[in-house]
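What follows is calculated from the coordinates using simple rules that are stated; it is not laboratory data. All of these numbers come straight from a predicted model, not from anything done at the bench. Note that we place each Cβ from the backbone using ideal geometry, even for glycine, and neighbour counts take in every protein chain shown.
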Amino acid sequence: MSDERDSERSGQERPSTAADRRGRRSAASSDGASTSGKGRATPARGATATAEKGSIVARLVRFLREVVAELRKVIWPTRSQMVTYTIAVLVFVSFMVALVFALDTLFAEGVALLFGN
């Protein structure tokens, strides 16, 4: 509370974010205007849900556009990277298969010796 009173007395606005405290204010907020999201009431859930609903075709088209937009952001591996990754996976899977086979054989022999079969 005392910080708020001190800032009101000095005529300076108290920084609301860490970036503001470090002096990195955006051009829009550097003139003393408040942040655009502050001071507004939060919209009700029902209001946004009804605004986003449309026909099934419109929603499907929007979904497909968003899928294409996300796929454009993907960094696809080159052919040499893909060959390297494939070889690494095959070596690891071969090692794990051999390990499981060896442990299975070891436990089978142990059970056979234990029960005398």
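Return the distance in nm (one decimal) between the two label points of a simple spin-label model at Leu106 and Phe92, each offset 7 Å from Cα along Cα→Cβ.
According to this spin-label approximation, the distance is 2.2 nm.
Label-point separation (nm) for Leu64 and Trp76, each offset 7 Å from Cα along Cα-to-Cβ?
Each label point lies 7 Å from its Cα, and together they span 2.0 nm.
Mind running the shape call on the stretch 47-113? Use the C-alpha gyration tensor, a ≥ b ≥ c as the square roots of the eigenvalues: rounded below 1.5 for a/c, prolate if a/b tops b/c, oblate otherwise. Spell out each step's value before the answer.
Working: a/c = 6.61, a/b = 2.27, b/c = 2.91.
Taking the square roots of the gyration eigenvalues as a ≥ b ≥ c, the stretch 47-113 is oblate.
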